[in-house]
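The values are calculated or read from the model by the stated rules, or taken from the named source; none is laboratory data. Note that this is a predicted model, so its numbers are computed, not measured. Don't worry about glycine lacking a Cβ; one is built from the backbone with ideal geometry, like all the others, and counts go over all protein chains shown. The area values use the complete protein model at the heavy-atom level, side chains included, leaving out ligands, DNA and RNA. Shrake-Rupley method; radii C 1.70, N 1.55, O 1.52, S 1.80 Å.
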Amino acid sequence: MEQVTQLRKAAVANVRPRSVVVLGATGSIGQSTAEIIAGSDGAFTVQAVAGGRDGAALARVARRLGAKFAALSEPDGYADLKEGLAGTAIEAAAGPEAVIAAALQPSDIVMGAIAGAAGVAPTFAALAAGRTIALANKECLVCAGPAFMRQAAASGTKLLPVDSEHNAIFQAMGDAEPAAIEMITLTASGGPFRTWTREAIAKATPEQALNHPNWSMGPKVTIDSAGLMNKGLEIIEAHYLFGIEAARLDVLVHAQSVVHGLVAFTDGSVTAGLAAPDMKVPIAHCLSHPNRIVTKARRLDLASLGQLTFERPDFDRFPALRVALDALRTGRGLPTVLNAANEIAVDAFLKRLISFHEIAQMVEEACEAALSDGVAREPDSIAEALAIDGAVRERARAALRRH
Ligand code: NAD
Ligand code: MG
């Protein structure tokens, strides 16, 4: 083992460090990314970091990673950022344009780890500038999948999936043609309500929904996971990323979160991606792709786990999954509508304005309303996707005020 580590270090020493931009550097994925970079023995240098509103936290991660530039989206946090960076040569800026400037700093790879559709514009800017993207921010693809995939194809740039299921599938797929794939399966842990009754889930509190059994993540994705909306968003993400239609995308509930994704081929073979539930594994994979680095991420110990279980998802107890799959099957602009309405609904739930079961209800109503008034045409560009996103948010907020 020691010899292998020495060999790896020598290999790393012979390669120019890869330069990285981290968008969403203060979040859960951002912090795990920082750990991978800080523990990589110089395999990476950091050009820029960007965050939302916490200037002091952004300054800390910028210092830790030796970033050249730190950008905060919310101008109110600029003073804290400046104060935190005092005595360093790290440049600071604030506002949405500053986040785009961070995304466009010269780099080999951009970690897209902003939460929500707030990540669409900066992540797309980096993609359009030809950067390889390590994409954690699944809402980019749910909101504007066709535009992202078309841009990636046009500029010949890679979108590497950080989301653990998609990362596992990406690795399990190898270089198979889409036609050779019979079924792609994403697993879901089932979240904290896996064994709860429909009635109990309907009344769940934010504290209960935030208490995920296997993963420690940001609040939005944790709430999405509790209702299986997250799996719905991920099926849509997989549809765009792998170019596979809804009929060949499946979900299995797998409480241990060890098998993250499976690929079944037309000859009956099945490959799967396994790892301990630790986001540092897919993050390290994307950052070093197509090479591998050594990490201290959790290791998988199957013998001590003893058994792995799988079950069908229950659409009756988890209606959000059905609503998301319906949006994908209907297509047009519905994934964009679904994503926007869901962001507003999750926020309202966290502020205790609506109950847990009203999240899926609100999203379904937004989809129905969009279908009946023509808002739901497929967005052709980022601008069109963000226009639909804005209109749906406006309408969802108005519905909340009447609530
Ligand atoms: P988080 O809430 O912990 O972090 C979000 C980050 O985005 C923060 O740094 C925040 O400051 C930043 N941000 C928000 N608005 C911004 C803006 N306008 N400009 C710049 N930065 C902004 O979220 P997270 O759990 O790290 O998740 C990030 C993304 O990765 C989400 O799309 C999530 O679905 C996805 N994801 C997360 C996990 C996980 O384990 N956390 C797993 C798979 C996928
Ligand atoms: Mg996931």
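Read through the list (1) in contact with a Lys or Arg (Cβ under 7 Å, 6 or more places away or on another chain); (2) within 14 Å of ligand 1 (Cβ to nearest atom), then give the number of the only condition that residue 119 fails.
(1)
Across region 281-321, which residue is nearest to residue 188 (Cα to Cα) among those that are in the same structural domain as residue 261 (by TED's automatic domain parsing) and under 22 Å from the mean Cα position of the chain (by Cα)?
So, considering only residues that are in the same structural domain as residue 261 (by TED's automatic domain parsing) and under 22 Å from the mean Cα position of the chain (by Cα), the one nearest to residue 188 (Cα to Cα) is 313.
Going by the conditions given, is residue 249 under 19 Å from the mean Cα position of the chain (by Cα), within 16 Å of ligand 2 (Cβ to nearest atom), open to solvent by less than 30 Å² (accessible area, probe 1.4 Å) and at positive phi? Full working, then the answer.
Values: under 19 Å from the mean Cα position of the chain (by Cα): yes; within 16 Å of ligand 2 (Cβ to nearest atom): yes; open to solvent by less than 30 Å² (accessible area, probe 1.4 Å): yes; at positive phi: no.
Here the answer is no, as residue 249 does not meet what is asked.
State which residue pairs qualify: first residue over 13 Å from residue 166 (Cβ atoms) and part of a strand (DSSP E or B) and inside region 267-292, second residue β-branched (Val, Ile, Thr) and at pLDDT 95 or above in any location, beta carbons under 6 Å apart, and separation of 6 or more residues or different chains.
The qualifying pairs are 271/263; 272/259; 274/258; 274/259.
State whether one or more residues within region 138-148 are open to solvent by less than 20 Å² (accessible area, probe 1.4 Å), under 20 Å from residue 47 (Cβ atoms), in contact with a helix residue (DSSP H, G or I) (Cβ under 8 Å, 6 or more places away or on another chain) and touching a residue at least 40 places away in the same chain (Cβ under 8 Å). Write out each step before concluding.
Kept after step one, since they are open to solvent by less than 20 Å² (accessible area, probe 1.4 Å), are these residues of region 138-148: 138-145, 147-148.
Checking which are under 20 Å from residue 47 (Cβ atoms) leaves us with none.
Scanning region 138-148 turns up no residue that is open to solvent by less than 20 Å² (accessible area, probe 1.4 Å), under 20 Å from residue 47 (Cβ atoms), in contact with a helix residue (DSSP H, G or I) (Cβ under 8 Å, 6 or more places away or on another chain) and touching a residue at least 40 places away in the same chain (Cβ under 8 Å).
List, please: which pairs have Cβ atoms under 6 Å, are six or more places apart or on different chains, and start with a residue in region 160-184 that is within 21 Å of residue 30 (Cα to Cα) and within 16 Å of ligand 1 (Cβ to nearest atom) and end with one that is acidic (Asp, Glu) and part of a helix (DSSP H, G or I)?
Hits for this filter: 165/234.
Could you look through region 180-226, keep only residues that are assigned to a loop (DSSP other than H, G, I, E, B) and of a type in the set (A, V, I, L, M), and pick out the one that is modelled with the lowest pLDDT? Give the steps one after another, and end with the answer.
First, pick out the residues of region 180-226 that are assigned to a loop (DSSP other than H, G, I, E, B): 189-197, 203-205, 210-218.
Those still in the list that are of a type in the set (A, V, I, L, M) too: 204, 210, 217.
Working: 204: 97, 210: 97, 217: 94.
That would be 217.
From the list 49, 61, 99, exactly one residue is within 14 Å of ligand 1 (Cβ to nearest atom), in contact (Cβ under 8 Å) with a residue 12 or more places away in the chain and in contact with a Pro (Cβ under 7 Å, 6 or more places away or on another chain). Which is it? Let's see the steps before the verdict.
Details: 49 fails: in contact with a Pro (Cβ under 7 Å, 6 or more places away or on another chain); 61 fails: in contact with a Pro (Cβ under 7 Å, 6 or more places away or on another chain).
Among 49, 61, 99, only 99 is within 14 Å of ligand 1 (Cβ to nearest atom), in contact (Cβ under 8 Å) with a residue 12 or more places away in the chain and in contact with a Pro (Cβ under 7 Å, 6 or more places away or on another chain).
Looking at (1) in a helix (DSSP H, G or I); (2) within 16 Å of ligand 2 (Cβ to nearest atom); (3) without any contact (Cβ under 8 Å) to a residue 60 or more places away in the chain, can you tell me which one residue 151 breaks?
Among (1) in a helix (DSSP H, G or I); (2) within 16 Å of ligand 2 (Cβ to nearest atom); (3) without any contact (Cβ under 8 Å) to a residue 60 or more places away in the chain, residue 151 violates only (2).
Scan region 230-240 and tell me whether some residue there is within 13 Å of ligand 2 (Cβ to nearest atom) and of a type in the set (Lys, Arg).
Going through region 230-240, the residues within 13 Å of ligand 2 (Cβ to nearest atom) turn out to be 230-238.
Subsequent filtering for residues that are of a type in the set (Lys, Arg) retains 231.
For region 230-240, residues within 13 Å of ligand 2 (Cβ to nearest atom) and of a type in the set (Lys, Arg): present.
I'm told residue 128 meets every condition in (1) touching a Ser or Thr at 6+ places or on another chain (Cβ under 7 Å); (2) within 16 Å of ligand 2 (Cβ to nearest atom); (3) open to solvent by 20 Å² or more (accessible area, probe 1.4 Å) except one. Can you identify the failing condition by its number?
Evaluating residue 128 over (1) touching a Ser or Thr at 6+ places or on another chain (Cβ under 7 Å); (2) within 16 Å of ligand 2 (Cβ to nearest atom); (3) open to solvent by 20 Å² or more (accessible area, probe 1.4 Å) leaves (2) as the failure.
Can you tell me which of (1) surrounded by fewer than 20 Cβ atoms within 10 Å (Cβ to Cβ); (2) free of Cβ contacts under 8 Å to residues at least 40 places away in the same chain is the one residue 191 doesn't meet?
Just one mismatch for residue 191, condition (1).
Please verify whether residue 105 is at negative phi, assigned by TED's automatic domain parsing to the domain that holds residue 258 and of a type outside the set (D, E, K, R), treating the condition exactly as stated.
Details: at negative phi: yes; assigned by TED's automatic domain parsing to the domain that holds residue 258: no; of a type outside the set (D, E, K, R): yes.
So residue 105 does not fit the description; no.
Out of all the residues in region 161-179, is one or more more than 14 Å from ligand 2 (Cβ to nearest atom), open to solvent by less than 50 Å² (accessible area, probe 1.4 Å), touching a helix residue (DSSP H, G or I) at 6+ places or on another chain (Cβ under 9 Å) and not in a helix (DSSP H, G or I)?
No, that holds for no residue.
Please state which one of 371, 400, 386 is aliphatic (A, V, I, L, M) and either outside any helix (DSSP H, G or I) or in contact with a Pro (Cβ under 9 Å, 6 or more places away or on another chain) (or both).
Details: 371 fails: either outside any helix (DSSP H, G or I) or in contact with a Pro (Cβ under 9 Å, 6 or more places away or on another chain) (or both); 400 fails: either outside any helix (DSSP H, G or I) or in contact with a Pro (Cβ under 9 Å, 6 or more places away or on another chain) (or both).
After ruling out the rest, the residue left standing is 386.
What number of residues in region 202-213 are within 15 Å of ligand 2 (Cβ to nearest atom) and surrounded by fewer than 17 Cβ atoms within 10 Å (Cβ to Cβ)? If you could, list the steps in order and put the result at the bottom.
To start, the set of residues in region 202-213 that are within 15 Å of ligand 2 (Cβ to nearest atom) comprises 212-213.
Narrowing further to those that are surrounded by fewer than 17 Cβ atoms within 10 Å (Cβ to Cβ): 213.
So the answer is 1.
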